[in-house]
Structure formats: C-alpha cells, structure tokens
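Some notes on the structure that comes next.
The values are calculated or read from the model by the stated rules, or taken from the named source; none is laboratory data. The model shown is predicted, which means the values in this text are computed figures rather than measured ones. Here the Cβ is made from the backbone with ideal geometry for all residues, glycine too, and neighbour counts use every protein chain on show. Ligands, DNA and RNA are stripped out before the accessible areas are found, and what is left, the full protein with its side chains, is counted by its heavy atoms. Shrake-Rupley method; radii C 1.70, N 1.55, O 1.52, S 1.80 Å.
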Amino acid sequence: ENQYDKLKRANEKKKAKEEAEKQETAETNFETPFGTLSPIDFLGGVNPDDEIDNGVTAKEAAKFVLSNTMRYIPKFKKLNKYNKASWNFLAFLLPSGWFFSRKMYLNGIITAVLEIIATLLTVPYQLTRYNLGLSGMAFGAEMLQKMAENIDKFPQMVVLSAFIGVVVSLAISIVVGILGDYLYKKHSVNTIREIKQTSENKEIDFRKKGGVNIFIFFIGVMAVQYIPAIIVSFIR
C-alpha cells in the first residue's frame with residue numbers, strides 16, 4: 001500500500017466521521033422561530049410540521065407567536081372547538097393588558113371597557129367609605145368593627161352596585177383566564193392564513209402582526225387603572 005492510498009483512506013474516514021457528527025447534530029437541533037439552530041425545543045414537543053388548525057403548522061404558529069412558544073404551541077395543538085378551556089394566569093391577572101400585549105386589540109378594547117365599567121360601579125361605595133373616614137384604614141379587626149358600626153349609613157343601592165362591580169370584574173378575569181389561550185389560537189390561525197394568502201413577505205409580516213407589544217400592554221393596563229379616576233373627577 002502506497003502513501004497515496006493511506007491518505008485517501010484517512011480522508012474517507014475523516015469525512016465519514018464528520019457526516020456522522022452532522023447527522024447527530026441534525027437529530028438534536030431544529031429550526032427555531034427565528035431561523036437559527038438550537039438544542040432547545042421551542043415548540044414544546046410538537047412536531048414543526050404538525051397542523052395546528054386550518055392548514056397552519058406548528059412551525060408557522062411559532063414564527064407568529066415568537067415569545068413563549070414553548071407554552072403556546074402545545075396549547076394550540078390541544079385546543080379546538082370542542083376543547084376551549086385552558087388556564088392563562090397573566091390573562092387572569094391583567095385581562096385587557098394581556099389581549100393588548102398579544103395584539104388582539106378589539107378584544108382588548110372590549111375587555112378594557114368592561115373592566116372600567118366594573119370599577120365605576122364600585123366608586124359610590126368607595127366614596128361613601130371616604131366620607132365616613134374608613135378609606136384609609138388597613139383591613140383588620142378595627143376596620144371590620146367600624147364597618148359594622150356604620151353599615152346603616154351605606155345605601156342599599158351603593159352596596160349592590162359595588163357587589164355587581166366586583167362580580168363583573170372577577171367574571172372577566174376568570175373568563176379571559178380560561179378562554180384566553182383559545183381566543184389567541186383563533187387570532188393566530190386566522191392572521192397566519194391571511195398573511196399566507198396576501199403577503200409578499202410572510203416572514204416580515206409574521207413578526208409585524210405577531211409577537212408581543214409591550215408598549216401597548218402598559219398603555220392598556222394604565223388606562224384601566226386611571227380612566228375611572230379621571231371620569232370620577234369630572235362628575236364629582
């Protein structure tokens with residue numbers, strides 16, 4: 001065996017080893033929503049080519065969702081018109097803010113209006129507490145005693161209005177917490193299908209119409225917090 005044959009065999013072994021390593025890497029890495037390779041499963045165990053709904057794949061949904069895909073993609077896979085219930089803690093805590101953050105602006109506006117109405121329903125009760133000198137007291141035995149002593153000074157309609165406001169506010173949080181993921185899936189699928197049918201650059205539009213809008217999230221949260229106070233200041 002001459003030197004040439006030895007070099008040839010060594011090169012063949014080296015190429016075979018490189019191909020084996022490349023194959024192993026391909027099996028443990030996959031394309032992320034950002035188009036790069038990563039050993040982290042950004043799809044939460046869902047196959048990239050699995051259909052989420054109406055011809056939209058998990059890979060396309062991940063490119064649209066962008067943030068926290070490891071949570072949302074498996075949720076999307078499980079949720080359908082017969083199984084709409086899930087649980088989204090952020091949507092429960094900040095219903096309209098969460099809608100705004102995920103660019104579901106119409107849902108966010110409707111929810112924000114309902115939240116503001118619910119808060120306004122409690123305003124007469126809060127004003128009555130303020131006039132009785134109870135608003136600054138910390139919750140405890142003393143406050144409960146004072147409330148009991150002044151219970152007859154709270155008009156029935158004021159108490160009923162406050163009760164309705166609290167119930168409405170809690171109902172909004174629970175409903176959005178349970179159905180938020182399903183509504184987000186519908187929004188994502190419908191928007192992705194529209195982009196696929198009309199867009200000249202799908203990748204750019206996925207990022208533009210999907211992902212998270214933190215600025216609008218804070219605007220929505222602040223609006224729900226401060227608009228009732230602004231309204232009250234004008235009608236007092």
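Looking only at residues of the stretch 197-217 that are free of Cβ contacts under 8 Å to residues at least 40 places away in the same chain and in a helix (DSSP H, G or I), we find that the one that is surrounded by the fewest Cβ atoms within 10 Å (Cβ to Cβ) is Q197.
Give the residue that is most open to solvent (accessible area, probe 1.4 Å), with candidates limited to residues of the stretch 79-90 that are in a loop (DSSP other than H, G, I, E, B) and of a type in the set (A, V, I, L, M).
Our first condition is that a residue be in a loop (DSSP other than H, G, I, E, B); within the stretch 79-90, this holds for 79, 81-82, 84-88.
Imposing the further condition that a residue be of a type in the set (A, V, I, L, M) reduces the set to 79, 85.
Values: L79: 6, A85: 63 Å².
Among those residues, the one meeting the criterion is A85.
The residue that is nearest to the chain's Cα centre (by Cα), counting only those in the stretch 130-163 that are loosely packed, with under 14 Cβ neighbours inside 10 Å and at pLDDT 90 or above, is F163. Might you check whether a residue that is in contact (Cβ under 8 Å) with a residue 12 or more places away in the chain and either among the acidic types (D, E) or exposed (fewer than 14 other Cβ atoms within 10 Å of the Cβ) (or both) occurs anywhere in the stretch 220-230? So far as the stretch 220-230 goes, no, none of its residues is in contact (Cβ under 8 Å) with a residue 12 or more places away in the chain and either among the acidic types (D, E) or exposed (fewer than 14 other Cβ atoms within 10 Å of the Cβ) (or both).
The residue list F34, F64 contains one member that is crowded, with 18+ Cβ neighbours inside 10 Å and either closer than 29 Å to E194 by Cα or at pLDDT below 95 (or both), which is F64. Of the residues making up the stretch 112-129, at least one is modelled with pLDDT under 95 and outside any helix (DSSP H, G or I). Considering the conditions (1) at pLDDT below 95; (2) touching a helix residue (DSSP H, G or I) at 6+ places or on another chain (Cβ under 6 Å), P95 is excluded by exactly one of them, (1).
Residue by residue, here is whether (1) over 21 Å from V168 (Cα atoms); (2) not hydrophobic (A, V, I, L, M, F, W, C) holds:
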| site | (1), (2) |
| --- | --- |
| D49 | yes, yes |
| M70 | yes, no |
| K78 | yes, yes |
| S86 | no, yes |
| R102 | yes, yes |
| A112 | no, no |
| V123 | no, no |
| T128 | no, yes |
| L132 | yes, no |
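Looking at the stretch 65-78, can you tell me whether even one residue there is in a loop (DSSP other than H, G, I, E, B), closer than 18 Å to F206 by Cα and polar (S, T, N, Q)?
Initial filter on the stretch 65-78 (in a loop (DSSP other than H, G, I, E, B)): 66-68.
Okay, now just the ones that are also closer than 18 Å to F206 by Cα, so 66-68.
Narrowing further to those that are polar (S, T, N, Q): 67-68.
For the stretch 65-78, residues in a loop (DSSP other than H, G, I, E, B), closer than 18 Å to F206 by Cα and polar (S, T, N, Q): present.
Taking every residue in the stretch 88-101 that is within 17 Å of T69 (Cβ to Cβ) and pairing it with any residue that is in a loop (DSSP other than H, G, I, E, B), at least 6 positions away or on another chain, the pairs with Cβ-Cβ distances below 8 Å are W98/N88; S101/V212; S101/N213.
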